[in-house]
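> Dropping the structure in here first, questions after.
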Amino acid sequence: MMTRALERARPAAVLMLGWVALLWVLEIADAASGNALDTFGVRPRELSELADVLPAAFIHFGFDHLTANTLPLLLLGFLAAFRVGLRRFVGVALLIALTSGLGVWLTAPAGSNTAGASGVVFGLFGYLLIRGFIDRKPLDIGLGVLVAAVYGSILWGALPTDSGISWQGHLFGLVGGVLAAFAFRQRPAERISGVETRAVP
């Protein structure tokens, strides 16, 4: 059992460390280029900006912005990837990023430019929060309760309380996490056979 857990934990940790490292490399490149990568943020309701819906999740407006997202992305991403395996996690993350980015494109104020991984963070929070109930797995229900206790306060960020923060990206990221919990739920056969716990990412 312990060996199996380590087999799942190692690739999950490598993936998330690599993801976070990429974000830092991109922000260093952005700073060195005079913020040239900020153009990959999402400007709402411009058709050409639909191409930036996914890239925007990898771009940040400064190191303070990136620092605020680094630890929650690393932790929540690791927990999700560890529990569901890399292939399913990639699908979850893509759905969250797309939902968050499209929500920003549709609803953000005109003239704004939105980027950052916080929509993915909110989505992973929502995904972990309800996944256990959908898959009927007591361990994941407990994990969701723990995640809620540690990060529950971020839900305030999904409300329009600060004009300088994209609550739209947060809210739609959260919606994306809930959608992902349903879209990537375990099939009954998987719950019976335990296929998910044995799958090699």
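> Being in contact (Cβ under 8 Å) with a residue 12 or more places away in the chain and open to solvent by 50 Å² or more (accessible area, probe 1.4 Å) is the filter here, so list the residues in region 10-25 that pass it.
Correct list: L15, L17, L22, W24.
> Look at region 55-75 and say how many of its residues are over 15 Å from R10 (Cα atoms) and either crowded, with 24+ Cβ neighbours inside 10 Å or touching a residue at least 40 places away in the same chain (Cβ under 8 Å) (or both).
13
> All but one of (1) of a type in the set (S, T, N, Q); (2) closer than 20 Å to L17 by Cα; (3) under 14 Å from the mean Cα position of the chain (by Cα) hold for T99, so report the exception by its number.
If we test T99 against (1) of a type in the set (S, T, N, Q); (2) closer than 20 Å to L17 by Cα; (3) under 14 Å from the mean Cα position of the chain (by Cα), just (2) comes out false.
> How many residues, within region 22-39, are part of a helix (DSSP H, G or I) and out of contact with any Phe, Trp or Tyr (no Cβ under 8 Å at 6 or more places or on another chain)?
The number of residues fulfilling the criteria is 9.
> Among (1) surrounded by 21 or more Cβ atoms within 10 Å (Cβ to Cβ); (2) on the phi > 0 side of the Ramachandran plot, there is one condition V92 misses while meeting the rest; what is its number?
V92 satisfies all of (1) surrounded by 21 or more Cβ atoms within 10 Å (Cβ to Cβ); (2) on the phi > 0 side of the Ramachandran plot except (2).
> Return the residue satisfying two criteria in turn: it lies in region 1-47 and is of a type in the set (D, E, K, R) and touching a helix residue (DSSP H, G or I) at 6+ places or on another chain (Cβ under 9 Å), and of such residues it is farthest from T114 (Cα to Cα).
Only one residue tops the list, namely R4.
> Pick out the one residue from L74, L50 that is in contact with a helix residue (DSSP H, G or I) (Cβ under 6 Å, 6 or more places away or on another chain) and either part of a helix (DSSP H, G or I) or not basic (K, R) (or both).
Answer to the check: L74.
The values are calculated or read from the model by the stated rules, or taken from the named source; none is laboratory data. Predicted model only: the values in this text are computed from it and were never measured. Don't worry about glycine lacking a Cβ; one is built from the backbone with ideal geometry, like all the others, and counts go over all protein chains shown. The accessibility values were calculated without ligands, DNA or RNA, using every heavy atom of the protein model including side chains. Shrake-Rupley method; radii C 1.70, N 1.55, O 1.52, S 1.80 Å.
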